[in-house]
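The values are calculated or read from the model by the stated rules, or taken from the named source; none is laboratory data. As the structure is a prediction and not an experimental result, all values here were calculated from the model. Cβ atoms come from the backbone with ideal geometry, glycine included; neighbour counts cover every protein chain shown. With ligands, DNA and RNA removed, areas are computed over all heavy atoms of the protein, side chains included. Shrake-Rupley method; radii C 1.70, N 1.55, O 1.52, S 1.80 Å.
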Amino acid sequence: MYHPGDIIGLSDAAFAQTLNTTIAATRLVVCRFPRERLTDVLRQSPRISGLILALSMIDQAMLNDRIIVCRRTDGHLRLVLFLLQTMSRLRLMEPVLHDQFHCPLTQEQIGAATGLSAVHVSRSVKKLLELGLIERHKRFFRLKDEAGLNELVGYVNRYEHLDLSWVPEDR
């Protein structure tokens with residue numbers, strides 16, 4: 001899943017062929033950046049190179065979080081993590097975002113992202129609604145009790161408290 005400001009396809013840069021397909025759920029603007037130009041960026045800007053590395057580290061940590069939550073048997077916890085990670089990523093580019101976000105994905109697409117069936121996504125949403133942790137209106141999710149959701153999955157916002165002191169300055 002990509003959000004505004006994300007670099008799409010960076011994980012494919014190390015391979016001779018693109019291994020993944022990306023499909024947009026909403027309108028978007030894509031700025032093509034040929035892999036060959038990445039060499040120039042890496043040579044000319046140690047700071048951008050470090051930030052790209054940091055983004056990869058954050059993605060890896062978030063993937064590890066998903067693996068830990070997916071080991072649990074309760075499917076609704078996968079949905080909780082999906083909602084919290086989505087909110088965190090959106091807030092990175094939109095810091096004034098309060099407690100709700102637009103989610104253009106269908107239940108099938110959310111299921112594909114979380115490893116749940118569409119039916120299980122529906123049941124999980126219903127359970128979180130009944131617990132008073134979220135609200136849903138059409139394609140908007142509102143996190144009514146973000147602290148409670150965080151506690152359910154032991155969520156760590158990987159974008160908060162970043163230490164980028166090791167990232168070099170440009171020459």
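Rolling a 1.4 Å probe over the protein heavy atoms leaves LEU162 with an accessible area of roughly 80 Å².
Relative to the longest principal axis of the Cα atoms of the chain, helix 118-130 runs at roughly 70 degrees. Solvent-accessible area per residue in the range 10-153 equals 65 Å², computed with a 1.4 angstrom probe and all protein chains kept.
Springs between Cα atoms under 10 Å define the GNM used for the chain, and in it the highest mean-square fluctuation of GLN100, GLN17, GLN60 occurs at GLN17. Partner aspartates and glutamates whose Cα lies under 13 Å from the Cα of LYS144, excluding those fewer than 8 positions away in the same chain, are identified as ASP99, GLU130, GLU135.
Restrict the search to the range 12-48; then list the trypsin sites (Lys or Arg not before Pro) that DSSP places in a loop and that have at most 12 other Cβ atoms within 10 Å of their Cβ. When the trypsin sites (Lys or Arg not before Pro) of the range 12-48 are filtered for loop state and at most 12 Cβ neighbours within 10 Å, ARG27, ARG32 remain.
Split the accessible area of the chain by element, probe 1.4 Å, and carbon with sulfur accounts for 54%. Given DSSP loops and a limit of at most 11 other Cβ atoms within 10 Å, what is the longest stretch of the chain that contains no such GluC sites (Glu not before Pro)? For GluC sites (Glu not before Pro) (loop position, at most 11 other Cβ atoms within 10 Å), the longest site-free span of the chain is 1-159.
Within the chain, the percentage of alpha carbon pairs spaced more than 29 angstrom apart rounds to 27%.
When the chain is treated as a Gaussian network with alpha carbon springs shorter than 10 Å, the biggest mean-square fluctuation among VAL125, VAL96, VAL69 belongs to VAL96. For PHE82, neighbours were defined as the other residues whose beta-carbon sits under 12 Å from its Cβ, and their charges (Lys and Arg +1, Asp and Glu -1) total +2.
Of all the options HIS161, HIS120, HIS98, the one that moves most in a Gaussian network model of the chain with Cα springs shorter than 10 angstrom is HIS161.
If contacts are Cα pairs under 8 angstrom and at least 6 residues apart, what is the relative contact order of the range 10-153 in percent? For the range 10-153, the relative contact order is 20 percent. Distances over 17 Å make up what percent of all Cα-Cα pairs in the range 25-106? Looking at the range 25-106, the distances longer than 17 Å represent 66 percent of pairs.
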